[in-house]
Amino acid sequence: MIEQMTAVLHTAFRAHYPDAWPDMESARAEVEEFFDPERICRVAVADDGTVLGWVGASSEYNGRAWELHPLAIHPDVQGQGVGRALVADLEVQVRARRGVTIFLGTDDEDNQTSLSNSDLYPNPLDHLSRIQNLNRHPFEFYQKVGFVIVGVIPDANGPGKPDILMAKRVSQE
Ligand SMILES: CC(C)(COP(=O)(O)OP(=O)(O)OC[C@H]1O[C@@H](n2cnc3c(N)ncnc32)[C@H](O)[C@@H]1OP(=O)(O)O)[C@@H](O)C(=O)NCCC(=O)NCCS
C-alpha cells in the first residue's frame, strides 16, 4: 500500500505541480510523514486492493483546526467521486478528534485561475471575489465539497503564483 500511495502522489500532482513531488523518493518521504500516529491518513482502496487515492491531515491550532494536505487521486479514477468520499471521511475523522475546522492551501502554479500572473496587491480580496477557474484548478472541487475561499498568499510560489486558502467548518462545538 505504501508503494501505491507513493505512486499515486507522484502521478496525481505531476501535471500541474511538477515540483511538488518530482520523483518517487520525494513522494515516498511524504508518505512516510504520515506514519506519525498524531496525523490523519486515510486511503481509498478498490475491492482488489488497488489504491485509488489518499488524504492526509495534520493538527494545528491546538487541534481545533486541521490542515488538509495532501489529497491525491490516481489520474485514472479522477472525477468518479473518490476525492469527495475522502474529504467526507476526513471530516468524520476530524470531528472525532474534536476539530472544528479543516483548512488548506491550494497553489496556482500553472496559470489555472484568474489570480495567476497578476499583481494581487494592494487589494487581494478584490481579486479573490472575482476568481475564475481557467483550467480545472482544484479550488472548484473544494467549493463543491463545502469549502470556501478565506484568503490568498500572493506570490507564494514566485511572482504571479499564489496559494489560495480555503476552509470548512466541520463541527459547531
Ligand atoms: C482535485 C482532486 C483531488 C479531485 O478529486 P476527484 O476524485 O477527481 O473529484 P470528485 O470526482 O470527487 O469530484 C467532486 C466534484 O468536484 C468536481 N471537480 C473535481 N475536480 C475538479 C477540478 N479540478 N476542477 C473543477 N471541478 C472539479 C467534479 O466534477 C465533481 O463535481 P459534481 O459533484 O458537480 O459532479 C483530484 O482530481 C486530484 O487528485 N487532482 C490532482 C492533485 C490535486 O490537484 N490535488 C489537490 C491539490 S490542493
Test item: Cα-centred dipole of the chain, Lys/Arg +1 and Asp/Glu -1 on Cβ, debye: 780
In degrees, nearest ten, helix 2-14 long axis to first principal axis of the chain (Cα): 20
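What dipole magnitude, in Debye to the nearest 20, does segment 72-151 give about its Cα centre under +1 on Lys/Arg Cβ and -1 on Asp/Glu Cβ?
Values: 7 positive and 10 negative charges, 101 e Å.
So the magnitude is around 480 debye.
Order of Phe35, Phe103 from fewest to most other C-beta atoms within 10 Å? Walk me through the intermediate numbers first.
Values: Phe35 9, Phe103 19.
Least to most surrounded, the residues fall as Phe35, Phe103.
Just add up the charged neighbours of Glu109: K/R +1, D/E -1, any other residue whose Cβ is under 15 Å from the Cβ of Glu109.
Details: positive: Arg14, Arg136, Lys161; negative: Asp19, Asp107, Asp108, Asp110, Asp155, Asp163.
With Lys, Arg at +1 and Asp, Glu at -1, the neighbours total -3.
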Ratio of the Cα radius of gyration of segment 31-173 to 2.2 N^0.38 Å, where N counts its residues: 1.09
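Please give the length that would be gained between Arg136 and Glu173 if that part of the chain were fully extended, namely 0.36 nm times their separation in residues minus their C-alpha to C-alpha distance (nm, one decimal). The partial results should precede the final answer.
Values: separation 37, 0.36 × 37 = 13.32 nm, distance 3.42 nm.
Length gained, Arg136 through Glu173: 9.9 nm.
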Cα long-axis angle, helix 24-33 against the chain (0 to 90 degrees, to the nearest 10): 80
Relative contact order computed over the chain (Cα-Cα under 8 Å; 6+ residues apart), in percent: 18
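Since every read-out is calculated from the coordinates, none of them should be taken as a lab result. Keep in mind that this is a model prediction, so the values were computed, not measured. Don't worry about glycine lacking a Cβ; one is built from the backbone with ideal geometry, like all the others, and counts go over all protein chains shown.
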